Amino acid sequence: MALKALDIYKMLPKKNCKECGFPTCLTFAMKLAAGKADADSCPYLDAATKALLHGATRPPIQLVKLGVGERQVPVGDEIVLFRHEKAFYHPPAILFSVSDLWEKERIVAAAKRVMEEVFPRVGENLRFNGLAVRNDSGNPDAFGKAVAAVEEEAEFPEALISSSAEALEAGLARCGNYRPVIHAATPENFGQVAPLAKRFGCSLVVRAAGLADLARLAKTCGDLGVRDLLLDPAPATLGEYLIRSTEIRQKAIDRSDPDLGHPVFLDATGFVPEEAAVVTGILKYAGVIVTSVLPPGTARMALTLRQNIYTDPQKPIQMTPGLYRVGEPGPDSPVLATVNFSLTYFTLLGYLEASRIPCHLLIIDTEGFSVLTAVAAGKFSERLVKDSLDRYQVAGQVKHRNLVIPGYAAPLSGRIEEVTGWKVLVGPRDAADIGEFLEKEWVAKGRAIRAGP
Ligand code: SF4
């Protein structure tokens, strides 16, 4: 059970000596309860109390780091069942499946795609995370060679999928320092596979169909010394996956079964249609998803969905406020003001670039709200517009004093003119119309509608 700050406080020595790095014992207790401090930081706690606090304050779902270096992916460490309660923090790693029956060139091509493919979207570079090598041949040598082919390209997380300890060992011997995820320890083979994971310092997927068996197996492998575990609930259908992954998350979050407090592993390749399994995995709690090498359209869908689900619903994706140049704007170019909601910025930017009219784009700090919401909530105000014009020295960039504001901010136009001294042009409501608007209101009218000083 999770302990509340007050319960923890009662266990502390209350010396208020600050040796833990916090100003008082109460602060330390509050940080511990929030999972933001470590019981080891207080030197006055006895071993039994520390053990109790460790159990009660560790994250309900263990954090597992896949791979090493720049492409390392943390998964797990989630704290809520529903995204709207707080946020989901660690997007699932999506690994493309390759087979040891494939020609080397085909394996290398998949590895190159994972290394090189990037989808830029609303200020982020979206990528797939790694490869899962599958021992379809049943032959340890073939598996070792397939892993070696990946290793030639790999600087990303890998999973080794085999039920044979011999094949896994042949693969692990070719992995260098990359420490792949091993899939899987089952009730039948855990005695051979768990020691391998421990010896090679790898994370280990445990696989069993019943949740009681899964929890028992996870505990056994943990007791055998494997530190990082993932859970494969062995679903035969997508419906089974949904039920089991949800139950795992529920029991982990409410700590009713701490042995289920590990990220979930979903092999989506066996489901038809596979896209449905990928979507379900992203929406419902997978920490790792193995897919076929996805075609471009499905790939974009998966990465976009993952990005959307794993943005903080209470914090819209934001642009840094400032004055941005679109094209090569000069002193006669238009100045457009808008909000710092990323989706607004990138949508508008796309249409501005398409219009081929260079301009200055003033991004105002509306705390990530869209235009309509920002205007309604008072986050896009005449005072803020003036402060932004001043802070980013917009007047020094242009000869005129004309400011285009979004169509939905029209009710503020008079007040903005009054406070800033700039003439306000109310732009279109739909960003798609901005090119036509600028052609008509700016280019056709000779650009400088009101000359500056
Ligand atoms: Fe309190 Fe222990 Fe921190 Fe000292 S080190 S302030 S006793 S919690």
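The values are calculated or read from the model by the stated rules, or taken from the named source; none is laboratory data. These numbers were taken from a predicted model, which means no experiment stands behind them. All Cβ positions, glycine included, derive from the backbone under ideal geometry; neighbour counts span all protein chains shown. Surface areas here come from the heavy atoms of the whole protein model, side chains and all, with no ligands, DNA or RNA. Shrake-Rupley method; radii C 1.70, N 1.55, O 1.52, S 1.80 Å.
A few notes on this one:
- The stretch 84-135 - residue that is in contact with a Lys or Arg (Cβ under 9 Å, 6 or more places away or on another chain), open to solvent by 40 Å² or more (accessible area, probe 1.4 Å) and part of a loop (DSSP other than H, G, I, E, B) and, of those, nearest to Y324 (Cα to Cα): V118
- Among the candidates A48, A39, A5, A34, the residue that is more than 27 Å from V114 (Cα to Cα) and crowded, with 18+ Cβ neighbours inside 10 Å is uniquely A39.
- Failed item, numbered, when Y241 is tested on (1) crowded, with 24+ Cβ neighbours inside 10 Å; (2) without any contact (Cβ under 8 Å) to a residue 24 or more places away in the chain; (3) out of contact with any Leu (no Cβ under 6 Å at 6 or more places or on another chain): (2)
- Of all residues in the stretch 23-47 being of a type in the set (A, V, I, L, M, F, W, C) and near the ligand (Cβ under 6 Å from one of its atoms), the one that is nearest to the chain's Cα centre (by Cα): F28
- Options P74, P60; residue that is more than 16 Å from the ligand (Cβ to nearest atom) and either surrounded by fewer than 16 Cβ atoms within 10 Å (Cβ to Cβ) or modelled with pLDDT of 95 or more (or both): P74
- Some residue of the stretch 317-334 being in a strand (DSSP E or B) and of a type in the set (K, R): yes
- Close contacts from the stretch 409-426, counting a first residue that is at positive phi and a second that is open to solvent by less than 60 Å² (accessible area, probe 1.4 Å) and not aromatic (F, W, Y), with Cβ to Cβ under 7 Å and a gap of 6+ residues or different chains, come to G421/R401.
- Residues located in the stretch 1-21, provided they are near the ligand (Cβ under 6 Å from one of its atoms) and either of a type in the set (F, W, Y) or closer than 22 Å to A48 by Cβ (or both): L12, P13, K15, C17, E19, C20
- Once the stretch 194-238 is narrowed to residues that are more than 18 Å from V288 (Cβ to Cβ) and among the aliphatic types (A, V, I, L, M), the residue that is modelled with the lowest pLDDT is A209.
- Here G421, G446 are screened, and the one residue that is over 38 Å from the mean Cα position of the chain (by Cα) and either open to solvent by 60 Å² or more (accessible area, probe 1.4 Å) or at pLDDT 95 or above (or both) is G421.
- Filter pass, A299 being of a type in the set (G, A, S), in a helix (DSSP H, G or I) and more than 17 Å from A87 (Cα to Cα): yes
- Residues in the stretch 88-124 that are without any contact (Cβ under 8 Å) to a residue 24 or more places away in the chain and either of a type outside the set (K, R) or at positive phi (or both): E103, E105, A109, E116, V118, P120.
- Considering residues of the stretch 353-364 that are within 29 Å of the chain's Cα centre (by Cα) and modelled with pLDDT of 95 or more only, the residue surrounded by the fewest Cβ atoms within 10 Å (Cβ to Cβ): L361
- Inter-residue pairs, beta-carbon under 8 Å, first within 14 Å of Y178 (Cβ to Cβ) and in the stretch 139-158, second polar (S, T, N, Q) and open to solvent by 30 Å² or more (accessible area, probe 1.4 Å), 6+ apart: P157/Q72
- Among the residues of the stretch 311-342, the ones that are open to solvent by 30 Å² or more (accessible area, probe 1.4 Å) and farther than 24 Å from I416 by Cα come to 8 in all.
- K386 fulfils the conditions (1) free of Cβ contacts under 8 Å to residues at least 40 places away in the same chain; (2) touching a Pro at 6+ places or on another chain (Cβ under 8 Å) except for a single criterion, (2).
- When L3 is tested against the conditions (1) assigned to a helix (DSSP H, G or I); (2) within 24 Å of D259 (Cβ to Cβ), the lone failure is (1).
- Residue tally, condition within 15 Å of P358 (Cα to Cα) and open to solvent by less than 20 Å² (accessible area, probe 1.4 Å), over the stretch 424-443: 4
- Qualifying positions in the stretch 8-56 - assigned to a helix (DSSP H, G or I) and touching a residue at least 24 places away in the same chain (Cβ under 8 Å): I8, M11, A29, M30, L32, A33, T49, L52, L53, G55, A56
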